[in-house]
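What follows is one structure encoded as structure tokens, with my remarks underneath.
The values are calculated or read from the model by the stated rules, or taken from the named source; none is laboratory data. Remember, it's a predicted structure, so these values are computed and weren't measured experimentally. Here Cβ is always computed from backbone atoms with ideal geometry, including for glycine, and neighbour counts include all displayed protein chains. Heads up: the accessible areas ignore ligands, DNA and RNA and are worked out on the full protein's heavy atoms, side chains in. Shrake-Rupley method; radii C 1.70, N 1.55, O 1.52, S 1.80 Å.
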Amino acid sequence: SERQQHHLNETSIMGEEVQTTSSYFVRVPLGGNPGELVAVDDITGALRGYAKIPPDAQEGEEFEVASNGGGVLDFDAPGFPLFERLAKTRGAYDDDFCPEAFEPSQWRAIRGSPCWLGCWALTFLSGAMVAVWYAPPKRLLHVLAMYALTFSVSMAFVLSMWWEHRRELEPGVLVAIFWTSGTVGVCCAAFLNWSVLHIWPFIDPYCHPLHPLGLGWPEEPPTIFCIAKASFEWVLMAGLIEETMKFFALLRLRPTPESTSEACCCRRRGHGPDGNARPLGPRRLLLDRLLRSWWARLAPTPYAFACAALASGGGLATVENFHYIFFDADAYDRAIESGDLSHALGRIVSSCAHMVWTGMAGIALAQWHFLPEGHPNRPRYRWSGLVIPIVSHGLFDVCSVLRTCYPEEHCMEWPPDSHNWVCGHCVLPDWSRFAVGIFFQILFIGTGLLFHHQWTYTLLDLSVECCRPLLVVEKPAEASVS
């Protein structure tokens with residue numbers, strides 16, 4: 001077994017201890033070879049870290065390692081070398097590895113084609129040129145700043161979180177997931193939101209998601225029932241639709257090369273006379289490989305899943321920012337006339353919220369993929385992590401609507417078909433808007449802290465559990481035969 005002893009190296013400065021080093025004696029398991037990794041347990045049996053078997057160590061011998069640079073490697077050491085090794089064993093950043101089911105070019109696409117990075121940069125450069133072409137000469141820098149705010153926050157957030165784990169996920173996967181969410185996800189979400197948005201007023205013309213006002217507004221504020229009804233409708237509309245569309249992009253991710261075969265539904269069902277699965281014909285086999293290489297993307301570690309989830313949230317947020325900043329005619333005209341960036345700067349909060357919510361769903365999806373069935377921490381369904389993002393997204397949007405104050409030049413007929421025009425006014429009184437603002441901040445900061453906890457602790461524990469097969473363990477002794 002393993003023994004532990006503590007050596008306290010006390011270096012005192014003004015009578016204070018500044019460093020404590022713990023030493024561990026680790027036995028080389030049977031079958032362990034120099035250079036392989038072995039688990040290091042503390043005196044309670046808990047996993048402390050891991051260490052490399054030294055070149056001169058033999059099976060059954062003990063070698064000494066210590067914390068604080070003395071041989072014990074932490075799982076969250078800079079660069080996350082153990083997680084990098086797990087990714088490499090599953091084909092990431094390994095040009096010499098190719099599963100038998102794919103051609104090298106197809107497998108390279110599944111790993112993430114590098115050409116996607118060039119397409120990404122070219123797209124945003126082309127957009128900048130279009131913005132310069134249509135910008136008024138006196139507002140050129142202003143328009144460029146607005147354009148930069150559409151994607152710079154999302155890109156900075158995703159790249160900063162991915163950078164520490166860049167050896168676990170190839171950047172081509174990030175770009176592929178980004179554009180899946182930013183194209184297919186945005187188009188589907190826009191159509192569904194537009195359709196549902198025109199249904200709610202038919203159900204209740206006086207209280208619906210865009211105008212949760214009530215029949216007596218502005219003389220009487222909206223009732224609690226109206227606000228609750230509008231909140232529920234926002235959860236079903238923006239929350240359910242947009243979070244589902246962002247999650248759809250994550251269904252492309254696969255943790256292992258073997259699981260990429262599950263990414264295509266064109267495989268022939270049924271069995272032949274011998275009881276084995278019927279083989280695919282050459283044409284169908286080619287189609288199967290092409291579809292899998294086009295759809296599936298390799299995310300070999302839990303942190304890779306989470307980074308790809310952030311990219312999915314950033315993709316939809318970026319395209320949504322383009323819509324609100326440049327295609328909302330009233331907001332754009334006011335921004336150009338006044339030179340005010342406040343509307344564009346307000347999209348920073350929405351961009352971060354989109355990525356945080358999808359990141360939480362991606363972490364739950366990683367648990368579903370990497371944990372075995374029956375594990376207490378494994379979600380029952382792959383979409384189980386969508387519940388909190390859907391509700392948070394809906395409440396986030398309804399808070400934005402409830403805090404709205406219309407300018408004096410904004411006039412609308414209220415109640416509808418009453419020929420009574422109302423100009424200006426706020427949706428809620430001052431004290432109610434203040435309370436909604438407090439709730440909005442708690443919601444935003446609370447979901448951010450929850451995501452931080454999951455990223456820091458949940459993903460680390462999950463990654464460590466996934467890496468256990470990389471650590472050499474003592475093989476059970478074979479039973480003797482009498």
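Things worth noting here:
- Any chance residue 91 is surrounded by 13 or more Cβ atoms within 10 Å (Cβ to Cβ), of a type outside the set (D, E, K, R) and within 30 Å of residue 146 (Cβ to Cβ): no
- When residues of segment 226-242 are limited to those that are without any contact (Cβ under 8 Å) to a residue 40 or more places away in the chain and touching a strand residue (DSSP E or B) at 6+ places or on another chain (Cβ under 8 Å), the one farthest from residue 192 (Cα to Cα): 226
- Residue in segment 171-189 that is within 14 Å of the chain's Cα centre (by Cα), open to solvent by 30 Å² or more (accessible area, probe 1.4 Å) and closer than 30 Å to residue 464 by Cα present: no
- The set of residues from segment 205-227 being touching an Asp or Glu at 6+ places or on another chain (Cβ under 9 Å), surrounded by 16 or more Cβ atoms within 10 Å (Cβ to Cβ) and assigned to a loop (DSSP other than H, G, I, E, B) comprises 208, 209, 214.
- For segment 100-118, filtered to residues that are within 13 Å of residue 258 (Cβ to Cβ) and open to solvent by 20 Å² or more (accessible area, probe 1.4 Å), the residue that is modelled with the lowest pLDDT is 101.
- Which numbered condition residue 241 fails, given (1) aliphatic (A, V, I, L, M); (2) open to solvent by less than 30 Å² (accessible area, probe 1.4 Å); (3) part of a loop (DSSP other than H, G, I, E, B): (3)
- Selection count, segment 424-455, where residues are loosely packed, with under 13 Cβ neighbours inside 10 Å, at pLDDT below 95 and of a type in the set (A, V, I, L, M, F, W, C): 1
- Number of the exception - residue 142 against (1) outside any loop (DSSP other than H, G, I, E, B); (2) open to solvent by less than 60 Å² (accessible area, probe 1.4 Å); (3) modelled with pLDDT of 90 or more: (3)
- Looking only at segment 32-83, and only at residues there that are assigned to a helix (DSSP H, G or I) and either in contact with a helix residue (DSSP H, G or I) (Cβ under 8 Å, 6 or more places away or on another chain) or hydroxyl-bearing (Ser, Thr, Tyr) (or both), the one that is nearest to residue 163 (Cα to Cα): 83
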